[in-house]
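Student: Here it is, the structure in full.
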Amino acid sequence: MRRTRTIGKAQRGLLRALFLFLLIVLAVYFFFQSSFFNVTRVDVRNNAFLTSVEIKQLANVPLGANIFKIDENRIKQNLLLHPLVKDVKISREFPDTIILTMVERKPLLLIPSEQGFLELDETGIYLKKVSTISDVALPIVTGVKIPPNVGPGQVIVDPKLAQALEFLSKVPEEKRKILMEIEIKDHQQFLVYTPEGIEVRFGSGSEVEQKLKLLEQIMQDGKLAGKAVEYIDLSTVATPVVKYSK
């Protein structure tokens, strides 16, 4: 009898523990499904070219939806439709915030078109068209053939563009401001124009950083002050030439 009572007590204790466990599980489940975890805010970070409002509209995060049921893949695909968006990291900040950390494509250069200029990134992807460039500090690459009906998000394939992209990849970002226009002649000879309109003959695309340092030294040491310059020839780093107009 004592053994039977002992077993009965153990069973009742097990049942109570199981019942209590199920109550906790149900409580946790309904708590996670409650409005406490409904999305009320979208936080956009690391964006420079697209505004937070534009990104939120593109992402189309369903406000009021449960934060655990947010479809991250759908939000990411919505954002990747925009040519300026390279990638996005989606995270949650409990209890009610979705965080979008952006990786944007950066415009590297401009190419002239019939109705303005096209901004391209370092891979040749067409980002957007601008009608004026007065407030855009990017070098213009001339002589690039634009395919018909090309649209934002597409890669422009052109031999001269490929050469210009390789050339600019060797130019430190802080030094690109001295390159107003890039023209590629035959045999991959680079001709550059400064914002002052000075023609600079770079020759081939080799020793680009050294040639840029030489150009800065020539322009900053006062040798050009008050003089009309026909061109600066940096084809050979060891013997730079400044040709003054007669």
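Student: Looking at region 179-194, which of the residues that are in contact (Cβ under 8 Å) with a residue 12 or more places away in the chain and part of a strand (DSSP E or B) is farthest from residue 244 (Cα to Cα)?
Tutor: 184
Okay, residues lined up against (1) surrounded by fewer than 17 Cβ atoms within 10 Å (Cβ to Cβ); (2) of a type outside the set (Val, Ile, Thr); (3) within 18 Å of the chain's Cα centre (by Cα); (4) on the phi > 0 side of the Ramachandran plot:
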{"site": "90", "(1), (2), (3), (4)": "no, no, yes, no"}
{"site": "94", "(1), (2), (3), (4)": "yes, yes, no, no"}
{"site": "103", "(1), (2), (3), (4)": "yes, no, yes, no"}
{"site": "116", "(1), (2), (3), (4)": "yes, yes, no, yes"}
{"site": "119", "(1), (2), (3), (4)": "no, yes, yes, no"}
{"site": "124", "(1), (2), (3), (4)": "no, yes, yes, yes"}
{"site": "135", "(1), (2), (3), (4)": "yes, yes, no, no"}
{"site": "138", "(1), (2), (3), (4)": "no, yes, yes, no"}
{"site": "144", "(1), (2), (3), (4)": "no, no, no, no"}
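Student: So, in region 34-49, of the ones that are at pLDDT below 95 and surrounded by 13 or more Cβ atoms within 10 Å (Cβ to Cβ), which residue ends up nearest to residue 83 (Cα to Cα)?
Tutor: Going through region 34-49, the residues at pLDDT below 95 turn out to be 34-37, 48-49.
Those left that are additionally surrounded by 13 or more Cβ atoms within 10 Å (Cβ to Cβ): 37, 49.
On the way: 37: 32, 49: 11 Å.
Among those that are at pLDDT below 95 and surrounded by 13 or more Cβ atoms within 10 Å (Cβ to Cβ), it is 49.
This table checks each residue for (1) in a loop (DSSP other than H, G, I, E, B); (2) buried (at least 18 other Cβ atoms within 10 Å of the Cβ); (3) in contact with a Gly (Cβ under 9 Å, 6 or more places away or on another chain).
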residue	(1), (2), (3)
149	yes, no, no
161	no, yes, yes
174	no, no, no
177	no, no, no
196	yes, no, no
206	yes, no, no
217	no, no, no
239	yes, no, no
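Student: Another question, if that's okay. Identify the residue in region 226-237 that is within 36 Å of the chain's Cα centre (by Cα) and in a strand (DSSP E or B) and, among all such residues, is surrounded by the most Cβ atoms within 10 Å (Cβ to Cβ).
Tutor: Step one: filter region 226-237 for residues within 36 Å of the chain's Cα centre (by Cα), giving 231-237.
Next, from what is left, pick out any that are in a strand (DSSP E or B): 231-233.
On the way: 231: 16, 232: 22, 233: 16.
Filtering first and then ranking leaves 232.
Student: Shifting gears a bit: So residue 133 clears everything in (1) closer than 22 Å to residue 192 by Cβ; (2) at pLDDT 95 or above; (3) of a type outside the set (Phe, Trp, Tyr) except one condition, right? Which one?
Tutor: (2)
Student: Taking region 94-145 only, how many residues are touching a Leu at 6+ places or on another chain (Cβ under 9 Å), closer than 30 Å to residue 71 by Cα and acidic (Asp, Glu)?
Tutor: Number satisfying all stated conditions: 2.
Student: Checking residue 187 against (1) surrounded by fewer than 17 Cβ atoms within 10 Å (Cβ to Cβ); (2) at pLDDT 95 or above; (3) outside the structural domain of residue 60 (by TED's automatic domain parsing), only one condition comes out false. Which one?
Tutor: Answer for residue 187: the failing condition is (2).
Student: Any chance region 17-27 includes a residue that's surrounded by 10 or more Cβ atoms within 10 Å (Cβ to Cβ) and touching a residue at least 40 places away in the same chain (Cβ under 8 Å)?
Tutor: There is no residue in region 17-27 that is surrounded by 10 or more Cβ atoms within 10 Å (Cβ to Cβ) and touching a residue at least 40 places away in the same chain (Cβ under 8 Å).
Student: Within region 29-141, considering only strands (runs of 3 or more DSSP E) that don't extend past its boundaries, which have at least 2 residues that are of a type in the set (Ser, Thr, Tyr) and without any contact (Cβ under 8 Å) to a residue 60 or more places away in the chain?
Tutor: Hits in region 29-141: 97-104.
The values are calculated or read from the model by the stated rules, or taken from the named source; none is laboratory data. Note that this is a predicted model, so its numbers are computed, not measured. Neighbour counts run over all protein chains shown; Cβ positions are idealised from the backbone, glycine included.
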